[in-house]
Amino acid sequence: MDAGDGLKGRESAANNSAPFKPRALVLFSGGLDSVLAAELLRRLGVEVVGITFTTPFFGSEAAKRAARQLELPLLVVDITDRHLGVVRNPRFGYGKNLNPCIDCHALMVRVALEKLEDLGAHFLATGEVLGERPKSQNRRALGLVAEISGARDLLLRPLSAKLLPPTRPEILGWVERSKLMDIKGRSRKRQMQLAEEWGIREYQTPAGGCLLTDPGFSRRLKDLMEAKKDFDAGDVELVKVGRQFWIRGNLLVLGRRHDENERLWELCRPGDRLFKEKDRPGPTALWRPVAPGMELGQDDLEEIARLLGIYGKKKEPLSLHEMVEVTPKDVVSSRVEESQMSERNEGMELKPKEGT
Ligand code: SF4
């Protein structure tokens, strides 16, 4: 949708005899800036609807909590597939870690723009602040996001609007430019003051919530990207869990706690293999081939047994006799046994190669 599409309808709505109340669709992460942007617009007489996004890298909980506080209607949109495309191949590169913030912002604005008409909104707004993030919120980056998302002058940044070129809602008088803000820079002092003044207590800490800004997670994801260019959401879920090992180019994950073992059982999909130490509680190991049809070799099995032993109760490598392969079905029954403090698992026994 072009930014100009449907605008005539909106302008004529403004000319109808009924009093015109502009409606903004605000990109709402639940972070302080987006909360303030929404509240500022509301205080200027704009009807505000929030939109937030989910992917394997961030969820919508903080946005939902903050929206409840403001009594803001909130639309939650899962953008996993489109977002994975951006993470795999960002046009404007990554930030400090694997966070492709310019492309990510542009995608979110584009998706919001696609929803604008359906939601009866007249323009978009974000909580972006000029200069708050050196790479993704400088003047050029803000211009790029407006341009490549297609939103152009329908995109208002209320917290820094006075420092930026006038947008359509300002030009048409839907929002009074003089009442918008001129916040810039990394200090969040003015935002904190406003939050205090407006009684806003519920908001997410800066940069909280996005795994792509986490150095440890980014390293894991980088390994995945190098091994499997077309990684999917299920692969991302897997690299969030446990200890990670790459064995002959395939991924092995060991649970560190009971809940991680359970998560591995849930994430197991056709082609994956699950292993445990026989007759003793300990880590579950999930092996995932990077390409369909890849098989486990004898060396791989021995390496899995070694790691299961080292990170298990025994603290030393297992022999193949001491390891069993389990299926998610076995695991359901073993879960019941575990809860009864009985840790016997009669899975398929692995035989060492003849002669070893
Ligand atoms: S921090 Fe994460 S969610 Fe936020 S713009 Fe960057 S990549 Fe997107």
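Please work out if residue 77 is within 14 Å of the ligand (Cβ to nearest atom) and not in a strand (DSSP E or B).
Details: within 14 Å of the ligand (Cβ to nearest atom): yes; not in a strand (DSSP E or B): no.
It is false that residue 77 is within 14 Å of the ligand (Cβ to nearest atom) and not in a strand (DSSP E or B).
Provide a single number: the residues in the range 103-128 that are within 15 Å of the ligand (Cβ to nearest atom) and either closer than 16 Å to residue 79 by Cβ or not assigned by TED's automatic domain parsing to the domain that holds residue 186 (or both).
Keep residues of the range 103-128 that are within 15 Å of the ligand (Cβ to nearest atom), which gives 103-112, 126-128.
So of that shortlist, the ones also either closer than 16 Å to residue 79 by Cβ or not assigned by TED's automatic domain parsing to the domain that holds residue 186 (or both) come out as 103-112, 126.
Residues meeting the conditions: 11.
Taking the range 253-265 on its own, how many of its residues are surrounded by fewer than 22 Cβ atoms within 10 Å (Cβ to Cβ) and in contact (Cβ under 8 Å) with a residue 12 or more places away in the chain? Talk me through it step by step, then tell me what you get.
Taking the range 253-265 first, the residues surrounded by fewer than 22 Cβ atoms within 10 Å (Cβ to Cβ) are 256-260, 262-263, 265.
Checking the rest, the ones that are also in contact (Cβ under 8 Å) with a residue 12 or more places away in the chain come to 256, 258, 260, 262-263, 265.
Selection size over the range 253-265: 6.
I'd like to check something: does the range 21-32 contain any residue that is aliphatic (A, V, I, L, M), within 16 Å of the ligand (Cβ to nearest atom), in contact with a helix residue (DSSP H, G or I) (Cβ under 7 Å, 6 or more places away or on another chain) and in a helix (DSSP H, G or I)? Talk me through it step by step, then tell me what you get.
Step one: filter the range 21-32 for residues aliphatic (A, V, I, L, M), giving 24-27, 32.
Going one step further and asking which of them are within 16 Å of the ligand (Cβ to nearest atom), we end up with 26-27, 32.
Adding the requirement that they be in contact with a helix residue (DSSP H, G or I) (Cβ under 7 Å, 6 or more places away or on another chain) leaves 26-27, 32.
Checking the rest, the ones that are also in a helix (DSSP H, G or I) come to 32.
Yes, some residue in the range 21-32 is aliphatic (A, V, I, L, M), within 16 Å of the ligand (Cβ to nearest atom), in contact with a helix residue (DSSP H, G or I) (Cβ under 7 Å, 6 or more places away or on another chain) and in a helix (DSSP H, G or I).
Within 12 Å of the ligand (Cβ to nearest atom), surrounded by fewer than 21 Cβ atoms within 10 Å (Cβ to Cβ), at negative phi and modelled with pLDDT of 95 or more: is that true of residue 100 in this structure? Write out each step before concluding.
Details: within 12 Å of the ligand (Cβ to nearest atom): yes; surrounded by fewer than 21 Cβ atoms within 10 Å (Cβ to Cβ): no; at negative phi: yes; modelled with pLDDT of 95 or more: yes.
So residue 100 fails the test.
Which pairs do you get when a residue that is more than 11 Å from residue 32 (Cα to Cα) and part of a helix (DSSP H, G or I), found in the range 205-216, comes within reach of a residue that is modelled with pLDDT of 95 or more and more than 10 Å from the ligand (Cβ to nearest atom), reach meaning Cβ atoms under 6 angstrom, with the pair 6+ apart or on two chains?
211/217
Just to check your reading of the model, which residue among 212, 172 is more than 17 Å from residue 131 (Cβ to Cβ) and in contact with a Gly (Cβ under 9 Å, 6 or more places away or on another chain)?
On the way: 172 fails: in contact with a Gly (Cβ under 9 Å, 6 or more places away or on another chain).
Just one listed residue meets the conditions, 212.
Mind checking which residues of the range 61-107 are farther than 30 Å from residue 46 by Cα and among the polar types (S, T, N, Q)?
80, 89, 97, 99
If we scan the range 50-60, do we find a residue that is at pLDDT 95 or above, surrounded by 21 or more Cβ atoms within 10 Å (Cβ to Cβ) and away from the ligand (no atom under 15 Å from the Cβ)?
Yes, the conditions are met somewhere in the range 50-60.
Quick test for you: out of 163, 224, pick the one residue that is surrounded by 14 or more Cβ atoms within 10 Å (Cβ to Cβ) and not assigned by TED's automatic domain parsing to the domain that holds residue 86. Quick ask: steps written out before the conclusion?
On the way: 163 fails: not assigned by TED's automatic domain parsing to the domain that holds residue 86.
Answer to the selection: 224.
Could you say whether any residue in the range 177-196 is acidic (Asp, Glu), on the phi < 0 side of the Ramachandran plot, in contact with a Lys or Arg (Cβ under 8 Å, 6 or more places away or on another chain) and not in a helix (DSSP H, G or I)? Even if it seems obvious, please write down each step before you answer.
Kept after step one, since they are acidic (Asp, Glu), are these residues of the range 177-196: 182, 196.
So of that shortlist, the ones also on the phi < 0 side of the Ramachandran plot come out as 182, 196.
Next, from what is left, pick out any that are in contact with a Lys or Arg (Cβ under 8 Å, 6 or more places away or on another chain): 182.
Filter again for not in a helix (DSSP H, G or I), leaving 182.
Within the range 177-196 (the criterion being acidic (Asp, Glu), on the phi < 0 side of the Ramachandran plot, in contact with a Lys or Arg (Cβ under 8 Å, 6 or more places away or on another chain) and not in a helix (DSSP H, G or I)), the answer is yes, since at least one residue qualifies.
Which numbered condition in (1) in a helix (DSSP H, G or I); (2) surrounded by fewer than 20 Cβ atoms within 10 Å (Cβ to Cβ); (3) basic (Lys, Arg) is the only one that residue 269 fails?
For residue 269, the exception is condition (1).
Residue-by-condition table, conditions (1) in a loop (DSSP other than H, G, I, E, B); (2) buried (at least 18 other Cβ atoms within 10 Å of the Cβ):
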| residue | (1), (2) |
| --- | --- |
| 118 | yes, no |
| 140 | no, no |
| 147 | no, no |
| 159 | yes, yes |
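The values are calculated or read from the model by the stated rules, or taken from the named source; none is laboratory data. Everything numeric here is computed off the predicted structure, so don't read it as measured data. Note that we place each Cβ from the backbone using ideal geometry, even for glycine, and neighbour counts take in every protein chain shown.
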